[in-house]
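Trainee: Mind looking over this structure? Questions follow.
The values are calculated or read from the model by the stated rules, or taken from the named source; none is laboratory data. Computed from a prediction, not measured in an experiment: that's the story for all the values here. Backbone-built Cβ (ideal geometry, glycine too); neighbour counts: all protein chains shown. Calculation scope for accessible area: heavy atoms of the full protein, side chains included, ligands and nucleic acids excluded. Shrake-Rupley method; radii C 1.70, N 1.55, O 1.52, S 1.80 Å.
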Amino acid sequence: QVELVESGGGLVQPGGSLRLTCKVSGSGSTFNIYSMSWFRQPSGKPRQWVATLTNNITTTYWPSVKGRFTISSNSAQDTVYLEMNNLKPEDTGVYYCKVDLALTSDYYRPEGYWGQGTQVTVSS
């Protein structure tokens, strides 16, 4: 199994910055990661995709965060980051880390793995 734990959320003013961290751990068998993503969920709304890092090389972003957010990982792929700059009130929500394993992984599942979320609030 794979466990994800997010941290780094908090309250910031518009225009401020935050860096979210997601620690990835597993036990019982080895695994390899195909992609890592961040989602966010505003209060009372469904989760929405924010950013994805595929094969630890290729990044894609939701248009409203492109140029402001950066997703990255370390070489061991046991830590995922989301650097957020020039934050806006509409960025407010619970941010979730998601990992999708490679098809060859012993722990592969189509729905991937999710963290518990960390709250980000952008307000004056």
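Trainee: For segment 113-124: of the residues being under 11 Å from Arg40 (Cβ atoms) and open to solvent by less than 60 Å² (accessible area, probe 1.4 Å), which is farthest from the chain's Cα centre (by Cα)?
Mentor: That would be Val120.
Trainee: Also, I was wondering about something else. Going by what's in this entry, would Ser123 be described as touching a residue at least 24 places away in the same chain (Cβ under 8 Å), touching a helix residue (DSSP H, G or I) at 6+ places or on another chain (Cβ under 9 Å) and among the polar types (S, T, N, Q)? Give the derivation first.
Mentor: Numbers: touching a residue at least 24 places away in the same chain (Cβ under 8 Å): yes; touching a helix residue (DSSP H, G or I) at 6+ places or on another chain (Cβ under 9 Å): yes; among the polar types (S, T, N, Q): yes.
Considered against the rule, which asks whether it is touching a residue at least 24 places away in the same chain (Cβ under 8 Å), touching a helix residue (DSSP H, G or I) at 6+ places or on another chain (Cβ under 9 Å) and among the polar types (S, T, N, Q), Ser123 comes out as yes.
Trainee: Farther than 28 Å from Pro14 by Cβ and touching a Phe, Trp or Tyr at 6+ places or on another chain (Cβ under 7 Å): does that describe Val120? Talk me through it step by step, then tell me what you get.
Mentor: Values: farther than 28 Å from Pro14 by Cβ: no; touching a Phe, Trp or Tyr at 6+ places or on another chain (Cβ under 7 Å): yes.
When the stated conditions are applied, Val120 does not pass them.
Trainee: Quick one: which of Arg68, Arg19 is on the phi < 0 side of the Ramachandran plot, among the charged types (D, E, K, R) and in contact (Cβ under 8 Å) with a residue 40 or more places away in the chain?
Mentor: Just a single option satisfies the conditions, and that option is Arg19.
Trainee: Something else about it: Which residue out of Pro14, Pro46 is modelled with pLDDT of 95 or more and touching a helix residue (DSSP H, G or I) at 6+ places or on another chain (Cβ under 9 Å)? Break it down into steps so the answer makes sense when it comes.
Mentor: Numbers: Pro46 fails: touching a helix residue (DSSP H, G or I) at 6+ places or on another chain (Cβ under 9 Å).
After ruling out the rest, the residue left standing is Pro14.
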